Structure formats: C-alpha cells, structure tokens
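Undergrad: Handing you this structure, nothing more for now.
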Amino acid sequence: MAVVQRPTVRRRVLAANLRRLREERELQQEDAARELSCDPSKISRIEKAESGIRQVDLKLLLQLYGIKGKGDQEGWLALARESRKRRWWRDFEDRLPNDFLDQVGLEEDSSHCRGFEPGVVHGLLQSQPYAEAVIGRGEPGPLSEERQARVQVRMERQKAITRSTQPLETWMILGEAALRQEYGGPAVLRNQLRHLTELSELPNVTLQVLPFSAGAYRGGPFPFMIYRFPEPSEMEVVALENHTSQTYLETPRDTGYYGDVFNHLRASALGPIESQSLIREIAGQLSH
C-alpha cells in the first residue's frame, strides 16, 4: 500500500494563506483555475495542502491576488520552496503521532510563540531529567522506545529558542503549580527551576508566573500555545493539547479569542522580575 506523504506545516500555512488571499479579493476557485488553465479541483487540492504548487503557478496566483512586486512575491516563493524540504523530525514518523510532530514543526517554523501552562513546565523549557519524569508519567522502569523518542525530540526542539538565526521569540506564562509539582523528585525539580531562570535571561524569552493568589482567571486551567509565522504570512495557529492528541485552530475568531485570554493572563501574572524571584524562592525551599 502506498504511503501518503503528510504535508509539512509550511505547506499548510502556504495553503491557508493562498485561500485567504483569494477570498480577500472576492475570487472563486474557478477564477484561480482559469488563471492557471487548470481544473478547479487542482486549486482545491492546493488550498487544502493536499498537493504542492509550482513556482510559476504561484507567481501567477500572486499576481491575480494583487501581489505583483518582485520583492513582495519573494517571501511567498521562499515559503513555497521551504515547504518542500524534509525536516529532521520526519525521521520519527514511525514512532511518534503525527499531531505531536506537527507541534514540533510549528515551533521550528514560527517566529513567535506565547502560551500558558498551568500545571507543568512547557516542553520548550524543560530540562532533560524533568522531561524524562514528565514523559515517564511516574511509571517504574526504563522508558519505552516511543517515550525515549519523545524525550529526544523534546530536547532537539528546544534549539528553536537558542538557534543562531532568528531564535524563536517565546513568551510563556506558567501556573505556580507547575513550579511546585515534584516531577522526578525535589532534586529534578530544583534543577528544572534553575534551568528556567537561565532561560529567562535570554533576550528572546519572557517568563511570567501566575501565582495561586491571582485567584480565578479568564480561560480556566487549560494550557494553550499560540504560534505566529514570520512575514509574509504572519498567520497564527493555536495549539491545544489533551491526554491523547493535539488540536490546531487557525480561524481569526479562535486565534483572537486565545490572544485575548493570553493578554488577561499576563496582566494577572507576576512581572518577569517578580517571577524570577518566586522561582528562586521555590527552588531554595526544596530539600537537598
């Protein structure tokens, strides 16, 4: 049986934006199909990320959609070229769920991310011993092959924050519970908290803590991440994670709602300096 190639995150971003550009011009798929001298089903496949698009066809569509300058077109053409590249995490496709790998792709390809984790340190900020404890779920014995792969990918994906070119701008709000739950025991948590303070010193990382004293807050105790892609797209995607899978939301209504929730959370949370102080205080309370 033939293996279906899963579209890359960048291809899906390009597809969603081509659909958006067409709709903003109040054009139908049939209008785009006439420009390319093809069947409308081809436009449908492109806009669903079921197939890629040739550079010559993309140039014609961009002109139809009012993006005619060479400089303006280049960002879209580069996005199309990048969407065809195979990424390092695809080597894990046979061991890890696709929706988990999609999140890795979001972190690799986006320029900004912001989010909220009420009860556990987010994967982008985890030390390896802490990640092993979280992924191991407190079960005795060595990690399974799949869980070992998850740890390996989690450590690799953190390079998005420290990469030399355009490091991922990260703004994370952690619930106080995330700083106190002793995954792996006191020593592992103490090391994790020190790791957090080190990361918070990076110029592209903003870290805030939502203390218990903040009381009830908008959105409830549910984690979420908002990823934003660089120009020319600047599209946003919301990632929601549960016990067995992840969901991705792309509509302006959804991204706007979670953006509003994030703004309320950051207003309720401690400032970055106060947050660092609380993290150090909790680390000092842990037994050696």
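Undergrad: Mind checking which residues of the stretch 116-151 are more than 18 Å from the chain's Cα centre (by Cα) and closer than 21 Å to Phe222 by Cβ?
TA: Gly119, Val134, Ile135, Arg137
Undergrad: Based on this model, can you work out whether Pro203 counts as in the same structural domain as Ala177 (by TED's automatic domain parsing) and in contact (Cβ under 8 Å) with a residue 12 or more places away in the chain?
TA: no
Undergrad: Follow-up question, since we're still on this one. Can you report the number of residues in the stretch 212-240 which are in contact with a Ser or Thr (Cβ under 8 Å, 6 or more places away or on another chain) and either crowded, with 16+ Cβ neighbours inside 10 Å or in a strand (DSSP E or B) (or both)?
TA: Result for the stretch 212-240: 10.
Undergrad: Just one of Tyr217, Tyr183, Tyr227 is modelled with pLDDT under 95, of a type in the set (Phe, Trp, Tyr) and over 15 Å from Gly119 (Cα atoms); which is it?
TA: Tyr227
Undergrad: Would you mind telling me which numbered condition in (1) farther than 21 Å from Ile226 by Cα; (2) touching a residue at least 60 places away in the same chain (Cβ under 8 Å); (3) β-branched (Val, Ile, Thr) Val153 fails?
TA: Condition not satisfied by Val153: (1).
Undergrad: Being exposed (fewer than 13 other Cβ atoms within 10 Å of the Cβ), in the same structural domain as Gly184 (by TED's automatic domain parsing) and not in a loop (DSSP other than H, G, I, E, B) is true for just one of Thr247, Thr255. Which residue is that?
TA: The conditions single out Thr247.
Undergrad: What number goes with the only condition from (1) surrounded by 15 or more Cβ atoms within 10 Å (Cβ to Cβ); (2) part of a loop (DSSP other than H, G, I, E, B) that Leu202 does not pass?
TA: Status for Leu202: all satisfied but (1).
Undergrad: Let me ask something additional. May I ask you to list the residues in the stretch 267-281 that are touching a strand residue (DSSP E or B) at 6+ places or on another chain (Cβ under 9 Å) and either acidic (Asp, Glu) or not assigned by TED's automatic domain parsing to the domain that holds Leu189 (or both)? Working first, answer last.
TA: Step one: of the stretch 267-281, the residues touching a strand residue (DSSP E or B) at 6+ places or on another chain (Cβ under 9 Å) are 268-272, 274-276, 278-279.
Within the stretch 267-281, Glu274 is the sole residue that qualifies.
The values are calculated or read from the model by the stated rules, or taken from the named source; none is laboratory data. Just so we're clear, the structure is a prediction, and the values are computed from it rather than from any experiment. Every residue, glycine as well, gets a Cβ built from its backbone with ideal geometry; the counts of neighbours run over all protein chains shown.
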